[in-house]
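I have placed the structure first, in the form of structure tokens, so that the comments after it can refer back to it.
Just so it is clear, none of the values below were taken in a lab; they were calculated from the coordinates. What you see is a predicted model; the values in this text were computed from it and never measured. Because the Cβ atoms are built from the backbone with ideal geometry, glycine has one as well, and the counts that use them run over all protein chains shown.
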Amino acid sequence: MRRRLVVEGTVQGVGFRPHAARLARALGLGGHVRNDAGAVVVEVEGADVAAFERRLVAEAPPAARVERVRGEDVPDRGERTFHIDDSRTGGAARLTLPPDLAVCGACLAEVDAPGRRHAYPFTNCTDCGPRFTITRALPYDRARTTMEAFALCADCAREYGDPADRRFHAEPIACPACGPSLTLLDGGGAVLARRDAALGGAVEALRRGLVVALKGVGGFQWLVDATDEAAVTRLRARKGRPHQPFAVMVARLEDVPARLDEAERAALTSPAGPIVLVRATPGRLAPSVAPGNPRVGAFLPTTPLHHLLLRRLGRPVVATSGNLHGEPLAIDAAEARGVADVCLTHDRPIAHRCDDAVVQVAHGRTRVLRAGRGLAPLALPLEFTARAPVLGVGAHLKNAPALITGDRAVLWPHVGDLHSPRARAAFSNAIEGLQAFLDVVPARVATDRHPDYASSLWAAGRPCVAVQHHHAHVAACLAEHGVDAARGLAWDGVGLGDDGALWGGEVLDVSPAGYRRVAALRPFPLPGGDAAARDGTRALAGLCVAAGIEAPAAARRHEAVARTRLAAPTTSVGRLFDAVAALTGLLERSTFEGQAAMAVEAAATPGAAPYPFGAADGELDWRPMLAAMLGERGDAARVASRFHATLVEMAVAAVAGAPVVALSGGCFQNRLLLEGVAGALEARGVRVLVPERVPPGDGGLSLGQAWVAARRDV
């Protein structure tokens, strides 16, 4: 008996071919396995084919994600041996490759032990190491990766060809004799040291309070000693990031400066190795790591290089993205050196820029806030088949493109804000990389309706579908969960509405046919437009003018403009947060997006009594809440707590009668709000869909855009 099995999912770069070969040989079967452009294809024959087919998936490698196995009987060939065939190109477009995988325990033990790979920073095997960031094209073979330039030495070649070795067909395999090596550069690019001495020089620089640029798997990071206040302050000044919290890398789980729950521990130690937002224990880090914020982003070393550096240093480090504010992540040493005093680099090229992923545990699940290294690119199966490929290009902030082809969607890693020419060039490169990686040319481009976003301007002249911003937010949540229709709460900063107003507090019924606006926050004028995103006194002035209440002193200078047509109407829940921060004195002016909302969340506690509000005729009326808040504005914690409780009650009122509710938009990055709304709705028997693998903010918008455009043709 001979069977042909086509295995789809994340099955390349995870040791699936070696797994199939070992299993077939153990069962005495003949045949072959190969990578195809869209799958792994196995043919086996012999007495125990049924056992092979059963165990192939049941015992798959840890990083594999099998979505479907299609099997058929084929004529016997009389084969008695099993081998791995060369890969084939062509066929259906599938993302078969996993994101980059954190170094495994076996490789770390080898790095620590005497032997050929002792202290070698690029040690990996079939269970770990770089994948996406070194792969130029599929199917996944060394010749299509940036490791192509490193010819295998005899020892590595023997491991690569040995079915009993854990490096059997490990494409990034390397050792000190044949693989990449480290170099330490000064600020001008001159070589200071090589190999192990380069690592030692970087550690000494950190001890001296200097800024070190380190080349990670997807781009450069800037490092400083996280316990050295002067070093952290110096990095803030150079990066142009005065207040936004920095991420911190620690050597061991027990070194994380927080009390962790089991879900946070699991996220930190997962093969993805993301940055995890945790509640920090005071006093263990320099104050400027996360000024005024009770939470910090923490993560563990994900490569042998990071492990070696952290162990030698013996202290936590700030490990922030190697980019100036508003610029893309640096992927070569010349870009990264400008901020750093020294640069620890290596000669393995980066095929795809990929920033670190960020997650938080909320409502009992780990949820992605930024799709990046370890978690992106993300492949999602769809409940329909698109007639033609559709590219979603996202919005202007937190951009990440997505592509739907056939019955699959792929969300590309975070690109960032598109303010600068270099950021827009990185956006174009990301789209080119996405299309080339899947070997797909989209028939149409789905954009935001705002005509001046850089992503919309890029799409000009191409066959386009413009998708309303909040429609796309809800659609992204539906796409992730494989649901056709739901009532959605889309709460965020602002997005252009169908009526030309700045929407942001929307209640939408979404289905394949489109969307209907069921309700929204009561509009109020927003003096200054985009400037209000950084100045909460503007939103506060607009609220007071709309309510007929005299504004507090800090907001009065904006009252006159708020009464004119120069102040665009908005329904934004995000601007409500800004106004509350200004009203209570928590924060009037922000230096980064979401800073005011974070301050209000940090001041709040659950269980408070809500303020009064109105909910009738499709309008959520905040005016009674504002009047009550003004009377209590001297107690910031009380106002923040009651404000959150009020938003929860507003949400419940807005979706009354809906059996399925999707929560999306940047406001649902707020853990207290998310847990309050989801918990209240579930207590009423509502099925609640919450983004989990796709960011709730603009980082997931492209998926929703593509879903809306593709569904129109089904």
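Roughly what angle does helix 623-632 make with the longest principal axis of the chain, taking Cα atoms, 0 to 90 degrees, to the nearest 10?
Value to nearest ten degrees: 90.
Relative to the first principal axis of the alpha-carbon coordinates of the chain, what is the inclination of helix 229-239, with its axis defined by its Cα atoms, in degrees from 0 to 90 and to the nearest 10?
With rounding to tens, the tilt is 90 degrees.
Say the dipole of the chain comes from +1 at the beta carbon of Lys and Arg and -1 at that of Asp and Glu; which of Val474, Ala376, Val648 then lies farthest toward its positive end?
Ala376
Work out the length of the dipole vector of region 512-667 about its Cα centre, built from +1 on the beta-carbon of each Lys and Arg and -1 on the beta-carbon of each Asp and Glu, and round it to the nearest 20 debye. Don't skip to the answer; put the middle values down first.
On the way: 15 positive and 14 negative charges, 61 e Å.
Around 300 debye, computed over region 512-667.
If the only charges are +1 at each Lys and Arg Cβ and -1 at each Asp and Glu Cβ, what is the size of the charge dipole of the chain around the Cα centre, to the nearest 20 debye?
640 debye
If you take the charge dipole of the chain about its Cα centre, with +1 on Lys and Arg Cβ and -1 on Asp and Glu Cβ, which of Leu309, Pro18, Leu210 is farthest toward its positive end?
Leu210
If I model a spin label at Arg516 and Cys464 as a point 7 Å from the Cα along the Cα→Cβ vector, what separation in nanometres do I get?
Taking the two extended label points, one gets 3.0 nm.
Please order Arg522, Arg131 by the number of other Cβ within 10 Å, starting at the fewest. Before the final figure, lay out the partial values.
Values: Arg522 20, Arg131 24.
Ranking Arg522, Arg131 by Cβ neighbours within 10 Å, fewest first, gives Arg522, Arg131.
Among bridges DSSP assigns within the chain, what percent are antiparallel (round to 5)? Each step should come with its number before you reach the end.
Values: 87 of 117 bridges.
Around 75 percent of the beta bridges assigned by DSSP in the chain are antiparallel ones.
Summing -39500 (n - 2.57) over the DSSP H runs of n ≥ 4 in the chain and dividing by its residue number, what mean residue ellipticity at 222 nm do you reach, to the nearest 500 deg cm²/dmol? Write out the running numbers ahead of the final one.
Details: 20 runs with 209 residues, N = 714.
Rounded to the nearest 500, it is -8500 deg cm²/dmol.
So, by mean Cβ neighbours within 10 angstrom, what's the order for 449-458, 188-197, 656-665 with the highest one leading?
Numbers: 449-458: 17.4, 188-197: 12.6, 656-665: 20.9.
Final packing ranking: 656-665, 449-458, 188-197.
Evaluate the charge dipole of region 426-565 about its Cα centre and quote only its size in Debye, nearest 20, assuming +1 on the Cβ of each Lys and Arg and -1 on the Cβ of each Asp and Glu.
Details: 13 positive and 15 negative charges, 102 e Å.
Dipole magnitude for region 426-565 comes out near 500 debye.
Does region 518-689 come out rounded, prolate or oblate, given a ≥ b ≥ c as the square roots of the eigenvalues of its C-alpha gyration tensor, rounded meaning a/c under 1.5 and, failing that, prolate meaning a/b above b/c? Kindly include the intermediate steps, with their values, before the conclusion.
Numbers: a/c = 1.74, a/b = 1.49, b/c = 1.17.
It comes out prolate by the Cα gyration axes.
Label region 278-399 by shape, choosing from rounded, prolate and oblate, from the square roots a ≥ b ≥ c of the eigenvalues of the Cα gyration tensor; if a/c is under 1.5 it is rounded, and otherwise prolate applies when a/b is larger than b/c, oblate when it is not.
Numbers: a/c = 1.93, a/b = 1.34, b/c = 1.44.
The shape class here is oblate.
Which whole-number percent is the relative contact order of the chain (Cα, under 8 Å, 6+ apart)?
On the way: 1768 pairs, mean separation 80.4, N = 714.
Value for the chain: 11 percent.
Just going by the charge dipole of region 518-689, with Lys and Arg at +1 and Asp and Glu at -1 on Cβ, which of Gly574, Gly614, Leu543 is farthest out on the positive end?
Of Gly574, Gly614, Leu543, it is Leu543.
So if I take the centroid of the Cα atoms in region 512-589 and the same for region 278-328, what is the distance between those two points in Å?
35 Å
Could you work out the per residue convex hull volume over the alpha carbons of the chain, in cubic angstrom?
Working: hull volume 111.5 nm³, N = 714.
So the per-residue hull volume is 156 Å³.
Quick one: angle between helix 49-58 and the longest Cα principal axis of the chain, in degrees between 0 and 90, rounded to 10, please.
Long axis of 49-58 versus the principal axis of the chain: about 40 degrees.
If a/c stays under 1.5 just call it rounded; otherwise compare a/b with b/c (prolate if a/b is bigger, oblate if not). Do that for region 228-295, with a ≥ b ≥ c from the square roots of the Cα gyration tensor eigenvalues. The partial results should precede the final answer.
On the way: a/c = 2.21, a/b = 1.83, b/c = 1.21.
Prolate is the answer for region 228-295, as a/c is 1.5 or above and a/b outweighs b/c.
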